[in-house]
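Participant: Below is one structure. I have some questions about it.
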Amino acid sequence: YNPLIGSYEVLEGFVETAVPLLKDSRFGRSFEVNAGIRYADYSTSGGVTPWKLGFTYSPVDDVTLRVTRSRDIRAGSLSVLFQPGQVLTQALFNPWTGATQTTQYTTYGNPKISPEKADTQIIGAVFRPRWVPGLTFSVDYWDIDVKDAITTVGVTALIDGCYTGRFPQYCEYVGRNPDNSFTAITLVPVNLASLHVRGLDFELGYSVPVGAGMLSVRGLATRGLKNTTNSGLPNAVDVDSLGLNGAMPEWRYNVTATYAQGGFTGALTARGLSSG
């Protein structure tokens, strides 16, 4: 494995705004529209335009409702773009000849990889009950659907995609002699897979005087509802790995209690994951 050598340039510009449309009226305390748009031009893959549009509405002082829709991107990392090559050897079945032959294949980066794109929806509410001073509670539902996710197609799937004609673009990576025996095969990252996750976020904050100091408790919890992936290959089906070991857990939480008095501050933090 050789050192990474490569570079790229990004030219970006963005506009963001928040527009208050309502303030202390009979229809509610406040209503605001927030929006943003960004253009990013990558020297490796061209231009892409992520954006967001959101609303916040407070019918009363105790409640704030919020909705956001956005198009998000993630560009390829340096290793995805410029991996210099890792050579492996494997016995592979050749569908053109019907024989199995030992073949060398190399994994490279792909400097032409496009950014991943995600459609994100968030709907939530914040509660600050006046009858419980110092208490804040929020809950948000989120849904993230990623398309053109960056993945490296396995060598067998690469050969099958070329041979069956389902992915003719794969054929440029399957080297063959005039008699259809393999010469060398190249594996590169491609925009093919998809990912769909959704869940609920909870946040609770409470501050109360204790003695001569202040006790503050803050809790964060996430309940995973869906975590599916799809390789994008022919006949592939969604695979849900929610709650499985190494994947997104069904529950994740973080709770911190802090006590401050004068020049002293002490904190206790608990973090946890549900079983997997």
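Participant: Check THR265 against each of (1) loosely packed, with under 13 Cβ neighbours inside 10 Å; (2) in a loop (DSSP other than H, G, I, E, B); (3) over 17 Å from the mean Cα position of the chain (by Cα) and name the one condition it does not meet.
Facilitator: All conditions pass for THR265, except number (2).
Participant: Given the conditions (1) crowded, with 18+ Cβ neighbours inside 10 Å; (2) free of Cβ contacts under 8 Å to residues at least 40 places away in the same chain, and given that LEU88 satisfies all but one, which numbered condition is not satisfied?
Facilitator: (1) is the only condition that LEU88 fails.
Participant: Now a separate question. Can you pull out the residues in segment 218-227 that are more than 16 Å from the chain's Cα centre (by Cα) and open to solvent by 60 Å² or more (accessible area, probe 1.4 Å)?
Facilitator: Matches in segment 218-227: ARG218, LEU220, ARG223.
Participant: Collect the residues in segment 228-257 that are touching a residue at least 24 places away in the same chain (Cβ under 8 Å) and open to solvent by less than 40 Å² (accessible area, probe 1.4 Å), keeping them in residue-number order.
Facilitator: Result: THR228, ASN230, GLY232, GLY243, ALA247, MET248, PRO249, THR256, ALA257.
Participant: Something else now. Can you find a residue in segment 199-208 that is modelled with pLDDT of 95 or more and β-branched (Val, Ile, Thr)?
Facilitator: No; the residues of segment 199-208 include none that is modelled with pLDDT of 95 or more and β-branched (Val, Ile, Thr).
Participant: Let me ask you something else. Would it be correct to say that ARG130 is over 30 Å from PHE55 (Cβ atoms) and among the basic types (Lys, Arg)? Walk me through how you get there before you give the answer.
Facilitator: Values: over 30 Å from PHE55 (Cβ atoms): no; among the basic types (Lys, Arg): yes.
Criteria not met by ARG130.
Participant: Shifting gears a bit: Within segment 188-213, how many residues are of a type outside the set (Val, Ile, Thr), open to solvent by less than 40 Å² (accessible area, probe 1.4 Å) and farther than 15 Å from GLY232 by Cβ?
Facilitator: Qualifying residue count, segment 188-213: 3.
Participant: Quick check on segment 55-75. Is at least one of its residues out of contact with any Leu (no Cβ under 6 Å at 6 or more places or on another chain) and without any contact (Cβ under 8 Å) to a residue 24 or more places away in the chain? Before the answer, list the steps.
Facilitator: Going residue by residue through segment 55-75, those that are out of contact with any Leu (no Cβ under 6 Å at 6 or more places or on another chain) are 55-56, 58-68, 70-75.
Of the ones still in play, those that are also without any contact (Cβ under 8 Å) to a residue 24 or more places away in the chain are none.
No, segment 55-75 contains no residue that is out of contact with any Leu (no Cβ under 6 Å at 6 or more places or on another chain) and without any contact (Cβ under 8 Å) to a residue 24 or more places away in the chain.
Participant: Just for strands (runs of 3 or more DSSP E) wholly inside segment 1-81: which have at least 1 residues that are within 28 Å of ASP201 (Cα to Cα) and open to solvent by 40 Å² or more (accessible area, probe 1.4 Å)?
Facilitator: 10-25, 28-42, 51-60, 63-74
Participant: Hey, can you tell me all the residues within segment 115-140 that are out of contact with any Asp or Glu (no Cβ under 8 Å at 6 or more places or on another chain) and open to solvent by 60 Å² or more (accessible area, probe 1.4 Å)?
Facilitator: Across segment 115-140, the qualifying residues are TRP131, PRO133.
Participant: Another one. As an exercise: evaluate GLU172 against (1) over 19 Å from THR97 (Cα atoms); (2) open to solvent by 60 Å² or more (accessible area, probe 1.4 Å) and give the number of the one condition it does not meet.
Facilitator: If we test GLU172 against (1) over 19 Å from THR97 (Cα atoms); (2) open to solvent by 60 Å² or more (accessible area, probe 1.4 Å), just (1) comes out false.
Participant: Here's something else I'd like to know. Just one of the numbered conditions (1) modelled with pLDDT of 90 or more; (2) over 26 Å from GLY109 (Cβ atoms) is not true of VAL174; which one?
Facilitator: It is condition (2) that VAL174 fails.
Participant: Where in segment 83-163 are there strands (runs of 3 or more DSSP E), lying wholly inside it, with at least 2 residues that are in contact with a strand residue (DSSP E or B) (Cβ under 7 Å, 6 or more places away or on another chain), acidic (Asp, Glu) and modelled with pLDDT under 90?
Facilitator: none
Participant: What are the pairs with Cβ atoms under 7 angstrom where one residue, in segment 146-172, is at positive phi and the other, located anywhere, is of a type in the set (Lys, Arg)? Sequence gap at least six, or different chains.
Facilitator: Correct list of pairs: ASP148/LYS117.
The values are calculated or read from the model by the stated rules, or taken from the named source; none is laboratory data. Owing to the predicted nature of the structure, the values given are computational and were not obtained by experimental measurement. Cβ atoms come from the backbone with ideal geometry, glycine included; neighbour counts cover every protein chain shown. Side chains included, ligands, DNA and RNA excluded: accessible areas come from the protein's heavy atoms. Shrake-Rupley method; radii C 1.70, N 1.55, O 1.52, S 1.80 Å.
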